[in-house]
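What follows is a short report on a single structure.
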Amino acid sequence: MSSDERYDAIVVGAGHNGLVHACYLAKAGLNTLLLERRDLVGGAAITEEVVPGFKFTTFSYAMSLVRPEIVHDLDLVRHGMMVLPMVKTFQPGLNGEYLLLGSDADANYHEIARHSSADAEAARDLDHIIARLVRALKPWVDRIPPNSLSKDPADIAEMAELRGWFRELDEDVRGMLETFRTKSAAEILDEYFENELVKSLYVSSGIIGSRCSVRDRESGLVWLFHKLGEYDGEPAHWGFHKGGNGGFTQVLARAFEAFGGKVRLNAGVSELLYEDARAHGVKLEDGTLLESDLVVSALDPRQTFLGLVDPGDLPDDLAGRIEDFKFQGTAAKVNFALKDVPSFPGLEGREDIFTGFTNLGPSIDYYMDAWADCEAGRISARPFLDCCIQSTLDPDMAPPGKHVMSCFVMYAPYHLAEGDWDSERDRLGDTVQETIEEFFPGFGELILHREIVTPLDIENLIGLSEGNIFAGELFEDQLFLNRPAPGWNQYRTPIEGYYQCGSGTHPGGCVTGAPGWLAARQVLKDRG
Amino acid sequence: MPLTTPFHPRIQALNEAGLWKHWAGYLIPPQYQYSLTAEYYAIRNSVSLLDTSPLFKYRISGPDAERFLRRVLARDIAGCPPGRAQYTCWCDEEGFVLQDGVVLQVREGVYWLTAAEPTLRYFRVVARQIGAEVEIEDVSKSYGILALQGPRAHEVIRQLTDAATCLRYFGATDAEIEGHPVIITRTGYTGDLGYELWIESGDACSVWDALMEAGSGHNITPIGTTALKMARVEAGLLLMGTDFHSARFAWVDAQRETPSELGWSWMFKGISQDDRPFIGRSAIELEMQERASRWTTVGLAVDWHDYERVYTEAGVVPPRHEIYSESTMSVYRRSGVDWDYAGYVSSFTSSSLLRTPLAIAKLPLDLAGPGSEVDLEVNVIRRPQNVLAQVKQMPFFNPARKSADMGEEKSA
């Protein structure tokens, strides 16, 4: 083959996992090339100045799950990593009531107790058992998962270790894990709480980015997944990266370059080059051939297995699993540039209420109504919105006195029953705006600019199949032992020298960096 | 009854958490909000406003002012010409530190000094002894001091006056804010970009309001003393009463420390070329010549993995959130001998930004070199456990903006 260049390693896709992975390879001394189809790195974790002075977190917008090991291994603080703490969480109702929680346990107790003192006490129990469970799960999140199909004695021993770990969990922690695996978020919350507003605050984590309702059993694990992170070691707490999530991927890009790695933009890969089930390079969309015995795909499983290689060259069971892998995106984003923060009746002029998540979805029925529209193939008439106004903490996000508001929208099904996303785009924007207006009267008058990101945009712009923000659903049959497929959950592929390191691998989506990190561990181990 | 600072009407209204502490007899909030971390990040991410009025303040003038300061201060006052400020200390005849502080000379011949403890009488005694014609006034109650600290500090102050823009690090100038006379210095206790303002007490609230108004688009955040202290450990700045004590009221030398023992030998770089007759000189020179320091003060970065490990093995979450401690923690040699005592930590914080527990420690000279490894004793479920820590050059955090030229930034 006459190739144009040769590298020790080529990583396809400069999303945050591709970046993390490439950093580890470059740090290990490999001459590493990172290829990105777009004209900027970051994948779904980018910040764009859509209007002069206003920085939009176009897609991903918050941080919690980044593995602390990665931050230390890659010396990310030196390259500018700074995660600002979310200070408050705001759960407004539609009838003037609200919940405003902060960082003081006693103050939070009294705030919830305004609605129900039993719920205020229950919240402490629930938060504590979740924190203990998250801590117990950490070792399994932070390692290459066992291979459940392998007959290799080492793999069999690892599966035995997993069963042993499970047996030895504290009984209440093990019980809670079983609860999350088998029950819906709403069912679990029914056991803890009586107040709708309190339930609503918790329940939204169960559907984020997923095609399920709060009463579907899948919502239990989706909820738990979103609690796997930490802030300063505090389990399940969230923050904003300085400059938006794009600020984080810029940090990774600087680290990668400091390790001697090279990024090439506008370099989409059309196919993996391989012979006799052994990878030897990639072909770019412009026809350029690049040679390397090590190629790692940070793309989602559909593209990794069905796009870059000929599925006919894969074992049938794997090709079948990947074809059936559920993407079915249901989320969208609408981002606003604002003249001022929205005003909540009774809390006028309070910027502090927006210094974390603002959860628009005030009752279980509200979420179920939103789901009914999704099932019918429609945008929810009254969607659940997870809103963040990072500029209330980070002055780099907007001009003085002005703000940017990121709104994550559920549900916006990728497959619409009627019409298409070109015709429905403005309806999505209008629906979101009307919804916010109901909670914050006068919202419309604050808008300077509106950016609409449909599930189809997510697919077209950053290559996430069907717009699934996690590179595939976070359902039990697609997690851990099964991500992306049983037997292929250890970052390898049937093609030697070809690996996978995207969010479609263990542990999964969100800005964790873990797939990139663990895949690098596997790659470097295999090289010896 | 504690006193209140000239900014009290404002800080009281903003004190959401309702906590107060006493600082030199004044009421000051240790934090305003429930979230300490939010206040801390105002220093590193936007801009913070801090009332440091409880400091003692002195105005020193007269024909012999310079001669007096040359005698009483241990660091060479020649390094503080008009328009400059200087971090300094003063010692007793045995070379033990009495206090540290910041001295400024705004107009020629008039010096201003901040101090953590009173020093009026002591200064007057020294002035008399050397027959210096100098006026030393206690102006503590005549002025309030505000620290404006953080990456947006210049963006805020430049809306109110042009005078701050040309200030280099440790520069000092007269200025006017909303018609009120102020002194502005490019100084601070955070290790970040920032300014400190001396404001006449009667003007205090108007200047506070002007700063808050100018900072409103930049996320200006009033902060209490705890967030400040977390930042000052990252900046490697010592706190009197915590990292050392005044020799003046010590009982024995074990409680006294020399500048070299505090890691301040850099203050005496030119000592072999000058003949300054400052108090403590002969003892300090002898200590330096004979390398007779009993210990020195260094930064310690705790090994993050080891810290994580000892808590994880015990089944608990490592304390990393909003941790700041002034309790003594013991440090041991990694000599193979169990609990081989070497020194102690006087300040400890778990840095949210740097993601590592950090400490200021006293160690014998053979362990004090950067990279040297020691064991730090922590408590894990009430049992002592050692974790690995490494001596690091302070400051731990030292952003370029701290001393960057602010004039050029605008034209760029």
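Values in this text are rule-based calculations from the coordinates and carry no lab data. These figures come from a predicted structure and were not determined experimentally. When we count neighbours, we look across all protein chains shown, and the Cβ atoms used for this are built from the backbone with ideal geometry, even at glycine.
Data for the structure
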read-out: Gap separating the Cα centres of the stretch B:68-88 and the stretch A:419-473, nearest whole Å; value: 62 Å
read-out: Selected from B:215, B:131, B:371 as most flexible by GNM, with chain B as the system and alpha-carbon contacts under 10 Å; value: B:131
read-out: Inter-part distance where the stretch B:24-64 and the stretch A:257-325 are each reduced to a Cα centre, Å; value: 57 Å
read-out: Residues with amide H under 5 Å from that of residue B:143, placed H, sequence gap 5 or more; value: B:201
read-out: The stretch A:474-528 shape via C-alpha gyration tensor axes, a/c threshold 1.5; value: oblate
read-out: Rounded if a/c under 1.5, otherwise prolate or oblate - chain B, Cα gyration tensor axes; value: oblate
read-out: Members of A:88/A:333; A:227/A:339; A:27/B:402; A:262/A:402 lying beyond 27 Å, as alpha-carbon distances in this model show; value: A:227/A:339; A:27/B:402; A:262/A:402
read-out: Percent of Cα pairs exceeding the 19 Å cut-off, where the set is the stretch A:328-462; value: 49 percent
read-out: Reachable lysines, given that their alpha-carbon falls under 21 Å from the alpha-carbon of residue B:362 and they are not under 8 places away in the same chain; value: B:229, B:392
read-out: Highest-MSF residue in chain B out of B:206, B:272, B:325 [GNM, Cα springs under 10 Å]; value: B:272
read-out: Rounded to the nearest 20 debye, dipole of the stretch B:25-171 from Cβ charges on Lys, Arg, Asp, Glu; value: 260 debye
read-out: MRE, 222 nm, helices only [DSSP H, n ≥ 4, -39500 (n - 2.57), over chain A, to nearest 500]; value: -10500 deg cm²/dmol
read-out: Selected from B:49, B:353, B:27 as most flexible by GNM, with chain B as the system and alpha-carbon contacts under 10 Å; value: B:353
read-out: Relative compactness, the stretch B:293-358, computed as alpha-carbon Rg over 2.2 N^0.38 Å; value: 1.22
read-out: Charge dipole magnitude, Cβ of K and R +1, D and E -1 - the stretch A:149-256, Cα centre, debye nearest 20; value: 560 debye
read-out: Cα-based Kirkwood hydrodynamic radius, the protein assembly as shown, one decimal, Å; value: 30.2 Å
read-out: Positive-end residue of A:412, A:392, A:455, charge dipole of the stretch A:328-462 with Cβ unit charges; value: A:392
read-out: Mean residue ellipticity (222 nm) of chain B, computed from DSSP H runs ≥ 4 via -39,500 (n - 2.57), nearest 500; value: -6000 deg cm²/dmol
read-out: Spatially proximal lysines relative to residue B:57 (Cα-Cα < 19 Å; intrachain offsets below 8 disregarded); value: B:141
read-out: Within the protein assembly as shown: Cβ-based charge dipole about Cα centre, in debye rounded to nearest 20 (Lys, Arg +1; Asp, Glu -1); value: 2580 debye
read-out: Distance between the stretch A:163-229 and the stretch B:110-179 - C-alpha centres, whole angstrom; value: 58 Å
read-out: Selection from A:10, A:490, A:346, by position along the positive dipole direction of chain A (Cβ); value: A:10
